[in-house]
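This report refers to the structure that appears directly beneath it.
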Protein chains: 2
Amino acid sequence: MFSQTSEYALRVIVYLAGSKGRPVTNRHISAGTLVPQGYLAKVLQTLSRSGMVKSQRGLHGGTVLAKDPEILTLYDVVQCVDPIRRIESCPLAMLAHGKHLCPLHSRLDEAISGIETILRNSTIADLMESRSKHQPTTLCEPPAPATKRTGRSNAR
Amino acid sequence: MFSQTSEYALRVIVYLAGSKGRPVTNRHISAGTLVPQGYLAKVLQTLSRSGMVKSQRGLHGGTVLAKDPEILTLYDVVQCVDPIRRIESCPLAMLAHGKHLCPLHSRLDEAISGIETILRNSTIADLMESRSKHQPTTLCEPPAPATKRTGRSNAR
């Protein structure tokens with residue numbers, strides 16, 4: 001029902017929300033969301049263009065969520081990468097129907113509207129709060145950052 | 001939200017329901033539903049394989065709906081050609097989640113479940129009954145059958 005691109009974008013946004021402002025590298029995002037790196041770059045580009053995430057190059061660079069998870073909804077994310085389209089006029093372009101959909105398309109549009117409502121009413125923060133015993137993480141635990149070797153503690 | 005194939009299959013089924021048992025040729029179905037003939041042949045093949053329609057070759061041949069429109073639902077049609085898939089286990093295959101979806105995938109599955117319910121609760125007969133002043137036909141009027149020339153009345 002949801003495109004691969006929407007699914008991936010949602011994973012990425014939820015993952016970034018979990019990193020709480022700490023910039024995350026593409027390699028880590030890919031490992032944590034299982035979004036292939038090539039695909040990830042394209043998804044991040046679209047999300048970045050719409051101002052949903054911010055990326056910074058360099059040594060301590062990476063990507064952060066640029067929107068408030070309390071306001072950002074699943075709908076916003078999906079509409080950013082692969083918009084849900086309501087049926088607004090007869091797909092058969094029946095002039096006799098004008099703006100009034102035939103019963104088939106009214107029913108299909110009602111179904112799409114239902115999805116839209118659920119996604120509009122779900123903020124990223126809602127997901128972060130709804131963890132339970134069975135769902136210990138929002139998406140999956142961010143991989144532990146690699147331990148830095150200072151060259152002292154491990155020196156023999 | 002719905003694939004082209006689902007949309008086309010639904011149009012075809014609704015159109016055939018409107019012909020009330022009279023076999024309709026592919027040419028007429030294509031003209032009435034605006035489904036291209038090549039695509040139509042494939043859709044009809046799938047619908048026929050599942051016993052939803054019956055086709056007969058020959059002079060008075062054509063396709064008829066083989067199921068009771070009072071029982072046949074939009075869900076049945078969609079599941080026949082391009083099934084809606086619920087999210088039953090974590091798409092990231094997180095072993096820690098087991099059969100328990102993470103909040104993101106729970107919410108997406110809830111949305112898909114909503115669509116499923118609306119389609120399950122809509123029979124083809126419902127659509128036929130819900131015509132109004134603005135929606136004079138279920139889908140669109142079947143084109144009037146070509147007048148037969150007997151060779152007598154028009155003879156000069």
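Taken together, the values in this text are just the output of simple stated rules run on the coordinates, not laboratory data. Everything numeric in this text was worked out from a predicted model, so none of it was measured. All Cβ positions, glycine included, derive from the backbone under ideal geometry; neighbour counts span all protein chains shown.
What to note about this one:
- Only aspartates and glutamates eight or more places from A:Lys42 in sequence, or on another chain, were considered; those with a Cα closer than 19 Å are A:Glu7, A:Asp76, A:Asp82.
- Residues listed by number, segment A:9-31, amide nitrogen under 19 Å from A:Arg57 label point at 7 Å toward C-beta: A:23-28
- Rounded to the nearest 0.05, the FRET efficiency derived from the C-beta distance between A:Glu70 and B:Arg27 at R0 = 51 Å is 0.35.
- Starting from the label point of B:Ser130 at 7 Å along Cα→Cβ, the same points in the other copies fall at 2.7 nm, in ascending order.
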